[in-house]
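The values are calculated or read from the model by the stated rules, or taken from the named source; none is laboratory data. Everything quoted here is computed from the prediction, not taken from an experiment. Virtual Cβ from ideal backbone geometry, glycine too; neighbours counted across all protein chains shown. All accessible areas refer to the heavy atoms of the entire protein, side chains included, with ligands and DNA or RNA removed. Shrake-Rupley method; radii C 1.70, N 1.55, O 1.52, S 1.80 Å.
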Amino acid sequence: MENIKLPAPNKTGGLTIQEAFAHRKSYRGGISDRKLSGQQLSDLLWSANGENRPDGYRTAASAINGRDIDIYAIMENGSYKYNPAVHELEFVADGDHRPAASGGQEFVNIVPVILILVSDSDHFLPAEKNYPGVDFSAFRPSWAAMDAGIVSQNINLHCAGNGLATITRAFMDKAALKEILKLKDTQTPLLNNAVGFP
C-alpha cells in the first residue's frame, strides 16, 4: 500500500460555527458505510488538526504548543497516520482493523473511517526545555487528555457543519491498536471518532 496524498483542504463553506453548534450531536449507530470522498477526508483531517499557519501551528490548540496529538485513520483498506506538515496520509498497516477500534461496539465496524487520537509525550519535551528545573511529568497526562478533547471537538464541529455523522469514543482495544499502528512506548491512544454519513 502507498501513502495517500490528500487534495488541498477547502477552507470555506459549511455551516457557520453557531449553526454547527446547533447541529452537533453524537451518532450512536445510524452511521452508514458510505465512503467519504478524498476531498471530504482532506477537509476532515485538516479541520481536526491540520496546519493553518506557515509556522506549523495547528487548527487545534495544544498545551505548551506540544502538538502531541497524532491522528491515525483506520479504514476498510488500511490504516494511516496523518502528516499535517505535508497534508498526507502515511501508510501504516494493510487490512481492515476497524474491529480493533470498535471496542466491541459493532456499529463502528462498518463506518468508513475511525480517527484514533494518539498522544505522544515526547512532543512536549522541546517546549519543556524552555523551563529548566521544572518537572512536568505530573502535567503530561492532563495535557494529553485536554489536547485529545480539543481535536475531537474540532472533528465534531466539522462533521456537524458539513453533513457528516460522528461520535467521540473511548472504547477501543488499545493493546491491539498499539501493535497495529506500530506505536512507541511514549504514544497512548486516548480517544477516537467514528466518522461517516448519517
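Tell me the carbon and sulfur percent of the accessible area for the chain, rounded to whole percent, probe radius 1.4 Å.
53
First check a/c for segment 131-178, with a ≥ b ≥ c the square roots of the eigenvalues of its C-alpha gyration tensor; if it is under 1.5, answer rounded, and if not, answer prolate when a/b is larger than b/c or oblate otherwise.
Verdict is oblate for segment 131-178.
Here are some pairs, Lys81/Lys129; Lys11/Lys35; Lys81/Lys184; which of them have Cα atoms lying more than 24 Å apart in this structure?
Lys81/Lys129
Once the convex hull of the C-alpha atoms of segment 60-143 is built, how many Å³ does it hold per residue, rounded to a whole number?
117
Remind me, relative contact order of the chain in percent, using alpha carbon pairs under 8 angstrom and six or more residues apart?
Value for the chain: 30 percent.
Might you work out the accessible area of Tyr131 for me, using a 1.4 Å probe with all protein chains in place, and round it to the nearest 10 Å²?
Only protein atoms counted, so the area is about 110 Å².
For the chain, just the Cα atoms, rotate onto the principal axes and tell me the three extents in Å, largest first.
Projected onto its principal axes, the Cα set of the chain covers 52, 37, 31 Å.
Enumerate the whole-percent occupancy of each 10 Å bin, from 0 to the last occupied one, for all C-alpha pair distances of segment 49-88.
P(r) over segment 49-88, rounded to whole percents: 28, 50, 19, 3.
Count charges around Lys182 for me, please; just the other residues with Cβ under 13 Å from its Cβ, Lys/Arg as +1, Asp/Glu as -1.
Here the count lands on -3.
Roughly how many Å is it from the Cα centre of segment 23-46 to that of segment 72-115, as a whole number?
13
Given the options Arg67, Arg28, Arg53, state which has the largest fluctuation in a GNM of the chain using a 10 Å cut-off (strictly under) for Cα springs.
Evaluated over the chain, the most mobile residue of the options is Arg53.
How large is the helix-only mean residue ellipticity at 222 nm for the chain, computed as the sum of -39500 (n - 2.57) over DSSP H runs with n ≥ 4, divided by its residue count, in deg cm²/dmol to the nearest 500?
Mean residue ellipticity at 222 nm (helix-derived): -8500 deg cm²/dmol.
Mean separation of Cα pairs under 8 Å and 6+ residues apart, divided by the residue count of segment 1-64: what relative contact order is that in percent?
Relative CO of segment 1-64 lands at 34 percent.
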